[in-house]
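Here is the structure we will look at, set down as structure tokens.
Here, each number is a calculation from the coordinates, and none is a lab measurement. Everything quoted here is computed from the prediction, not taken from an experiment. Virtual Cβ from ideal backbone geometry, glycine too; neighbours counted across all protein chains shown.
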Amino acid sequence: MLIKRKRGWELPESAATPEAIYLKRRTLIKGLAAGPILLGAPAWLAGAAEAAEADPSAGLYPFPKNDKFTAGPGRKLTPEKIATTYNNFYEFGSHKQISQRAQALKTRPWTVTIDGMVEKPFQIDIDSLIKKMPHEERIYRHRCVEAWSMVVPWSGFPLKALVDLAKPLGSAKYVVMKTFQDPKVAPGQRQTWYPWPYTEGLTMFEARNDLAFLVTGLYGKPVPDQNGAPLRLHTPWKYGFKHGKSLVRFTFTDKRPKTFWEALQSSEYGFWANVNPKVSHPRWSQATEKDIGTGERVPTQIWNGYGEWVADMYANLKGEKLFM
Ligand SMILES: Nc1nc2c(c(=O)[nH]1)N[C@H]1C(S)=C(S)[C@@H](COP(=O)(O)O)O[C@H]1N2
Ligand SMILES: [Mo]
């Protein structure tokens, strides 16, 4: 939880990280006509061209902003550089500095499987999915269970649109979302004590809520690998660990899944994980959070401030640990 490094945004431009340079090369190459110019080009240039070609969705961004969603009182957008270099993605390491390592992820081709209790299981490639889904940009606050937060413009589409595409049976009660599994790419997955692949889930009610959002982009561009390319969840009223990254499978079921953190430590992390400042984590208070953009500590809000959209869903749920 402690941020014990020199903060990236305080560095002069000349000290930009190799990752930033990598991203710049991608942009540079996108602006060049492909082909002859690459003959005899240095290896990094050719590699960057491949990376650029490998993301056919890049030209679709930015998407129109949905003005319903704002940073909120007293909050500011987190600088892009911070949100893209301070990450939780245990597949690439159990610390926050995984952004460069995560570039090993190959996000094309990328196939998403829809199965379980649906009319007819199917697979769809990510670019066909992106083209079918109604995209927009939403500013959402992101509250990690570790008591830090950020405010980010996410691009994507309502999870509800994918649920409709999937045509679940009336008997389905949950949608289970799984991250890719490939220990050759993700060194963390060689640590066999973790219950890979990363698994998360929502009730069908939650999945159809207007706020549940599948993210394909960040800051008006395709979502960077370290933030869960090419497809990750965002349910802003829940702790960040609910937001599975780099998703490959959506399974509809009538059984509540054992989620990744719950399987590891059920006394500390549960299925619901709704944000509540009054319910402490067993090892720390959830009353406040550190905004990683401003460095300020701000009070945490019930449902992370999204109660008007989501609180109803839980009104009749008795005997459930809704806030862990
Ligand atoms: N596959 C996978 N998804 C994951 C995680 C992870 O380790 N692996 N970490 C979660 C946690 S704890 C948080 S806070 C967010 C962090 O997302 P960000 O790096 O885009 O801020 O991703 C979530 N999704
Ligand atoms: Mo988190």
A correct fewest-to-most ranking of 150, 133 by other Cβ atoms within 10 Å would be 133, 150
Farthest toward the dipole's positive end in segment 67-310, which of 292, 74, 189, given Cβ charges of +1 (Lys, Arg) and -1 (Asp, Glu) about the Cα centre? 189
Evaluate 2.2 N^0.38 Å with N set to the residue count of segment 81-166, then give the Cα radius of gyration divided by it. 1.33
What is the fewest-to-most order of 128, 246, 267 by other Cβ atoms lying within 10 Å of their Cβ? 267, 128, 246
Starting from a Cα-only point model with no solvent, please compute log10 I(q)/I(0) by Debye for segment 116-206 at q = 0.11, 0.14 1/Å. -0.47, -0.78
For segment 248-324, take every pair of Cα atoms, bin their distances at 5 Å starting from 0, and report each bin as a whole percent. 3, 12, 18, 21, 21, 14, 7, 3, 0
Given 25 °C and 0.890 mPa s, compute D for segment 67-310 with the Stokes-Einstein relation, Rh being the Kirkwood radius over Cα pairs; round to the nearest whole µm²/s. 135 µm²/s
Ranked by Cβ crowding within 10 angstrom, fewest neighbours first, how are 292, 302 ordered? 302, 292
Tell me, what HN-Hα J-couplings in whole Hz come from the Karplus equation 6.51 cos²θ - 1.76 cosθ + 1.60 at θ = phi - 60° for each residue of segment 273-285, using x for Gly and Pro? 6, 7, 6, 8, x, 8, 9, 6, 5, x, 10, 7, 6
Once you list every other residue whose beta carbon is under 14 Å from the beta carbon of residue 306, what net charge do they have if Lys and Arg are +1 and Asp and Glu are -1? +3
